[in-house]
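Have a look at the structure below, then the notes.
The values are calculated or read from the model by the stated rules, or taken from the named source; none is laboratory data. Please read these numbers as outputs of a predicted model, since none were measured by experiment. Ideal geometry is used to build each Cβ from the backbone, glycine not excepted, and the neighbour counts take in all protein chains shown.
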Amino acid sequence: MTMRTRPSRRGVTLIEGMIATVILLVGMVGIFQGMLIASVQNSMANRRTKATGLASELLASIDRKGYAWVNNLACSTTAPTTLGPSGSTVPYVTNKVQGTFAPYPSVCYIDVEKGGTQGLPIQALTPSFNNSPTDSLQFRRLVTIYRGAPASSADYYGVIYVAVSVEWREGGSARVVEKLTALNDTAVNQTNIEF
């Protein structure tokens, strides 16, 4: 009598296959979640970069126009409650720079996207923004001008500070990028050079 030996089983049992599939799925979910988070972060960084570029471009254009041009701009002395075209519901985020210039006697605001006599001269400085429908829908620009010296200091006489705020919505909350420059009156600094 010969003994029969059972052939050795090769392959994977059903339970082993199911466990391996679950482990693989958990790993894939983690990878896809990481990709989703990276995509959102990348999108947020792109918007912040775009807003910083828009603020820098507008501020450089204002800086090139100079003290006299800025000093003659028409603007509102009332801070806007919303930004953008008439009827906009985008709330205005108070700019952080404002607290620094609290003693200045004259502060005025230009909501660039509202246009009109106040916004149009500023809009003309950045034609690339005006021709981009995605930028003009996503970003709002506010120019704040601080004129006149604080009563407590003669050091700032003949200096206008200009703050450019670019605001946008992201993840249900408002974000803002601000840039600041100072323009000097050449008659006051007696150099005939704007710096």
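List of remarks:
- Residues that are surrounded by fewer than 17 Cβ atoms within 10 Å (Cβ to Cβ), over 15 Å from Glu57 (Cα atoms) and either in contact with a strand residue (DSSP E or B) (Cβ under 8 Å, 6 or more places away or on another chain) or at pLDDT 85 or above (or both), drawn from region 160-187: Arg169, Ala174, Arg175, Ala182, Asp185
- Of the residues making up region 34-79, just one is within 17 Å of Asp135 (Cα to Cα), touching a residue at least 24 places away in the same chain (Cβ under 8 Å), of a type in the set (A, V, I, L, M) and exposed (fewer than 15 other Cβ atoms within 10 Å of the Cβ), namely Met44.
- Counting only helices (runs of 4 or more DSSP H) wholly contained in region 80-145, the ones carrying 2 or more residues that are in contact with a strand residue (DSSP E or B) (Cβ under 9 Å, 6 or more places away or on another chain), at pLDDT below 80 and surrounded by 13 or more Cβ atoms within 10 Å (Cβ to Cβ) occupy 116-123.
- Residue within region 13-33 that is in a loop (DSSP other than H, G, I, E, B) and either loosely packed, with under 10 Cβ neighbours inside 10 Å or at pLDDT 85 or above (or both) present: yes
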